[in-house]
Amino acid sequence: MKGFNKILLPLLLPLLLNSNASIAAQPEPSTQEKIQNQHGKLVWADLYTGNVNASLKFYQNTFGWTVKAFAKDNAKYHILYDNGQAIAGVLARDSKRNKTDSALWVGSIDTDNVESRSELSAKNNATIILPPHEFKLYGKRAVLADPQGAIIALLELDLTNKNHQKISTKWDWAQLFSTNTQKAALFYQDAFDYTIEPLNTNKDSFFLIQSESVQASIVNLPESFEQRDRWVNFIEVNNITAVLSKATTHGATIIYHAKDKGLAIISDPHGAFIGLTEQESE
């Protein structure tokens, strides 16, 4: 993992800080405006893990989340709750599918139409892992690997649905670390309808903009890091220092921590990356 920190300090911090500031300055939108304004935003995540019980225990002990299991066809889908709000799903994954880690967080991006976005993604050389299907709890969903292998999900929420309104809003940001940022940016522009905007003079890192908001970003993956594109999803916590202390106690590795900025990335005990941002005081 050497070299990972070097790119986070100059690029990741400005992205997160600038994005949070612009969003915080806006007035509280109506329900209909929320439906429109969150298109392109990270709204949900699923943890695919080779050891469901151990992963559940880690996130319960570290984040204080509670869990409920939903059984179907001898397979269980677990939902994690933060203060009574659904925040993520956990399900079994065959660790043999990926020799480098046995767990993976897959973030879900809110979209206007899962069917059409999936079709457009496939036409732009994405691989559809799970075709559009009814996600019984929260709308329609699909999972895909972009042309460079980064895995991402699409979720079609209806915020007029009371059940959908109960989803936590603590997923804060998504950032793609890519081996070819320009190619990645063009894919997400064409398939997901993001507007792309360079964030530096080299035009090798990009904001992804949709619904008049900066929703995500793409930056270079360091050569010293394993060369495979991956998304890192960031979640808001009340006290990042306390969470990091609990995380390491329960077997996580700190990949990066900006102590004065309220920002960190950890690898959980099974290799799944998750980012942390600290909740701003009111």
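The values are calculated or read from the model by the stated rules, or taken from the named source; none is laboratory data. Here the structure is a predicted model, which means the values were calculated and not measured. All Cβ positions, glycine included, derive from the backbone under ideal geometry; neighbour counts span all protein chains shown.
Let me confirm something: among 155, 159, which residue is touching a residue at least 40 places away in the same chain (Cβ under 8 Å), assigned to a loop (DSSP other than H, G, I, E, B) and aliphatic (A, V, I, L, M)?
On the way: 155 fails: assigned to a loop (DSSP other than H, G, I, E, B).
Result of the check over 155, 159: 159.
I'd like the full set of residues that are part of a loop (DSSP other than H, G, I, E, B) and either at pLDDT 95 or above or of a type in the set (Asp, Glu) (or both), limited to the range 213-266.
Step one: filter the range 213-266 for residues part of a loop (DSSP other than H, G, I, E, B), giving 221-229, 238-239, 250-252, 259-262.
Residues satisfying the conditions are 223, 226, 229, 250, 251, 252, 260.
Would you confirm whether or not the range 255-262 contains a residue that is out of contact with any Cys (no Cβ under 9 Å at 6 or more places or on another chain), free of Cβ contacts under 8 Å to residues at least 12 places away in the same chain, among the acidic types (Asp, Glu) and farther than 28 Å from residue 111 by Cα?
For the range 255-262, residues out of contact with any Cys (no Cβ under 9 Å at 6 or more places or on another chain), free of Cβ contacts under 8 Å to residues at least 12 places away in the same chain, among the acidic types (Asp, Glu) and farther than 28 Å from residue 111 by Cα: present.
Which residues, counting only those in the range 87-112, are touching a strand residue (DSSP E or B) at 6+ places or on another chain (Cβ under 9 Å), surrounded by fewer than 19 Cβ atoms within 10 Å (Cβ to Cβ) and either modelled with pLDDT of 80 or more or hydroxyl-bearing (Ser, Thr, Tyr) (or both)?
91, 92, 95, 112
If a residue must be part of a strand (DSSP E or B), touching a residue at least 60 places away in the same chain (Cβ under 8 Å) and of a type in the set (Val, Ile, Thr), how many such residues does the range 103-152 contain?
Of the residues in the range 103-152, the ones part of a strand (DSSP E or B) are 103-110, 127-134, 140-145, 151-152.
So of that shortlist, the ones also touching a residue at least 60 places away in the same chain (Cβ under 8 Å) come out as 103-110, 151-152.
This time we only want the ones that are of a type in the set (Val, Ile, Thr), so: 106, 109, 151-152.
Residues in the range 103-152 being part of a strand (DSSP E or B), touching a residue at least 60 places away in the same chain (Cβ under 8 Å) and of a type in the set (Val, Ile, Thr): 4 in total.
Condition check ((1) surrounded by fewer than 17 Cβ atoms within 10 Å (Cβ to Cβ); (2) out of contact with any Leu (no Cβ under 6 Å at 6 or more places or on another chain); (3) of a type in the set (Asp, Glu); (4) under 29 Å from residue 147 (Cα atoms)) across all residues:
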{"site": "177", "(1), (2), (3), (4)": "no, no, no, yes"}
{"site": "183", "(1), (2), (3), (4)": "yes, yes, no, yes"}
{"site": "196", "(1), (2), (3), (4)": "no, yes, no, yes"}
{"site": "211", "(1), (2), (3), (4)": "no, yes, no, yes"}
{"site": "235", "(1), (2), (3), (4)": "no, yes, no, yes"}
{"site": "264", "(1), (2), (3), (4)": "no, no, no, yes"}
{"site": "270", "(1), (2), (3), (4)": "no, yes, no, yes"}
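Could you say which residue among 148, 165 is polar (S, T, N, Q), over 14 Å from the mean Cα position of the chain (by Cα) and modelled with pLDDT of 95 or more?
Checking each option against the conditions leaves just 148.
So which of 190, 172 ends up being of a type outside the set (A, V, I, L, M, F, W, C) and part of a helix (DSSP H, G or I)? Can you show your working first?
Values: 172 fails: part of a helix (DSSP H, G or I).
The unique qualifying residue is 190.
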